[in-house]
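Novice: Okay, here's the structure, questions in a sec.
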Amino acid sequence: MKNMFTLLACGILLFSGITAADEPTLTLVTKTGKKTFTVSELLKRKDVETVIVEKDPVYPGQKMEYVALKVTSLFYQIELDDDAVIQFKTLDGFSAPVSRQRLLNKSPKESIAYIAMELPDKKWPPMKPGKPSAGPFYLIWKNPELSHISSEEWSYMLAAFEVKGSLETTYPEIFPSNKLSGGDPVTKGFRLFVENCFACHTMNKAGASGIGPDLNVPMNPTEYFRTAALKKLIRNPQAVRHWPNGRMKGFKPDIISNEDLDHLIAYLEHMSKRRK
């Protein structure tokens, strides 16, 4: 379990506001110190690339072109601890851990993570009418289908990557029983929860995001939803309860399969008996 969720160590990326030139900055903090970069400074790097995204979850139906830097390049020669956890934070309140293996992958056989930079003279379009763009920094993925990257792992309005201890020591309250095997439906559901739900919801009051309600305190959704209704809520929230300001996106079968949805609900049911 620990090996499955060992995550990136020893660095914090922080969005540190505006410089004198009104330019957003990106700060890298490690055990050995801190470095701050402006967009213009990052653009001078030789490893900056143009990344084409055919199916951007933030801009559906649009083919997007980004100026971006591989996350692995930004963390080049930084000492990493195997059991640390890295957690992204955004300007609008999303926060969740990101797998080290996914974030630092270099193999073209799997998805590769990039930090896209919004250019001062070439702003990205609003995410929705009247809303801001995905900038100033945006965690994007090349070939996301190779590693089954969920829409929640595209961190727009990126504010921070914060290093903590291991996932288990940082958030022990979200873990299922350690007596379960890695192939148990509950264990599989736990992994799905971390990848897709933890960015918005806490579990047993553990987690950094406050966008959505806690999924176990004071009650678990499996205790007040019939299974069919809960599945429909996860697929299409607005089809179950109309809420104009609702921010939850539905999870289609290409993101969470029907079998995976059963696993996720099995995890929720399991956690209803592990309320803290």
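Novice: Taking N as the number of residues in region 3-167, what is its alpha-carbon radius of gyration divided by 2.2 N^0.38 Å? Before the final figure, lay out each step's value.
Specialist: On the way: Rg = 15.0 Å, N = 165, 2.2 N^0.38 = 15.3 Å.
Scaled against compact globular proteins, the figure is 0.98.
Novice: Could you bin all the Cα-Cα distances of the chain into 5 Å bins starting at 0 and give me the percent of pairs in each, rounded to whole numbers?
Specialist: Per 5 Å bin, starting at zero, the Cα-Cα P(r) for the chain comes out as 1, 5, 12, 17, 19, 17, 13, 9, 5, 2, 0, 0 percent.
Novice: Can you pull the one-decimal nm distance between simple spin-label points at Ser133 and Ser73, each 7 Å off the Cα toward Cβ?
Specialist: Taking the simple label geometry, Ser133 and Ser73 are separated by 1.9 nm.
Novice: To the nearest 20 Debye, how big is the dipole of the chain about its Cα centre, given +1 on the beta carbon of each Lys and Arg and -1 on that of each Asp and Glu? The partial results should precede the final answer.
Specialist: On the way: 37 positive and 31 negative charges, 88 e Å.
Roughly 420 debye, rounded to the nearest 20.
Novice: Highest GNM mean-square fluctuation, the chain, Cα pairs closer than 10 Å: which of Asp22, Asp262, Asp47?
Specialist: Ranking Asp22, Asp262, Asp47 by mean-square fluctuation puts Asp22 first.
Novice: Can you list which of the GluC sites (Glu not before Pro) found in region 34-87 are DSSP loop residues with at most 16 other C-beta atoms within 10 Å? Don't jump to the answer; show the numbers that get you there.
Specialist: Values: sites: Glu41, Glu49, Glu54, Glu65, Glu79; in loops: Glu54, Glu79.
Sites meeting the loop and neighbour criteria: Glu54, Glu79.
Novice: Connecting C-alpha atoms closer than 10 Å in a GNM of the chain, tell me which of Ile86, Ile140, Ile52 has the biggest fluctuation.
Specialist: Residue with maximal mean-square fluctuation among Ile86, Ile140, Ile52: Ile52.
Novice: If you don't mind, another one. Can you tell me how much longer the chain between Ala229 and Asp214 gets when fully stretched, taken as 0.36 nm per residue apart minus their C-alpha distance, in nm with one decimal? Please list the in-between numbers first.
Specialist: Working: separation 15, 0.36 × 15 = 5.40 nm, distance 1.83 nm.
Taking Ala229 through Asp214 to full extension adds about 3.6 nm, to one decimal.
Novice: Can you give the angle from 0 to 90° between the axis of helix 258-271 and the longest principal axis of the chain, with both taken from C-alpha atoms, to the nearest 10?
Specialist: 70
Novice: Are there chymotrypsin sites (Phe, Trp or Tyr not before Pro) in region 44-77 that DSSP puts in a loop and that have at most 13 other Cβ atoms within 10 Å, and which ones? Before the final figure, lay out the partial values.
Specialist: Details: sites: Tyr66, Phe75, Tyr76; in loops: Phe75, Tyr76.
Within region 44-77, the qualifying chymotrypsin sites (Phe, Trp or Tyr not before Pro) (loop, at most 13 other Cβ atoms within 10 Å) are Tyr76.
Novice: Further, regarding this structure: If you put +1 on each Lys and Arg Cβ and -1 on each Asp and Glu Cβ, how big is the dipole of region 171-271 around its Cα centre, in Debye rounded to 20?
Specialist: Values: 12 positive and 10 negative charges, 71 e Å.
The calculated dipole for region 171-271 is roughly 340 debye.
Novice: On to the next question. Please find, in a Gaussian network model of the chain (springs between Cα atoms separated by less than 10 Å), the residue of Asp82, Asp121, Asp254 whose mean-square fluctuation is greatest.
Specialist: Maximum fluctuation in the GNM of the chain, among the listed residues, is at Asp121.
Novice: Per residue of region 186-199, what does 6.51 cos²θ - 1.76 cosθ + 1.60 with θ = phi - 60° give for ³J(HN,Hα)? Whole Hz please, x for Gly and Pro, Karplus curve as stated.
Specialist: Residue by residue, region 186-199 yields 5, 5, 5, x, 4, 4, 5, 4, 5, 6, 10, 10, 5, 5 Hz.
Novice: Continuing with this model, one more query. Pairs to check: Lys34/Lys63; Lys128/Lys231; Lys63/Lys131; Lys34/Lys142; Lys142/Lys249. Give those whose C-alpha atoms are more than 25 Å from each other in this structure.
Specialist: Numbers: Lys34/Lys63 35 Å; Lys128/Lys231 27 Å; Lys63/Lys131 19 Å; Lys34/Lys142 28 Å; Lys142/Lys249 22 Å.
Pairs exceeding 25 Å: Lys34/Lys63; Lys128/Lys231; Lys34/Lys142.
Read-outs throughout are calculated quantities, based only on the coordinates presented, and are distinct from any laboratory measurement. Every value quoted in this text rests on a predicted model; they were computed, and no experiment measured them. Virtual Cβ from ideal backbone geometry, glycine too; neighbours counted across all protein chains shown.
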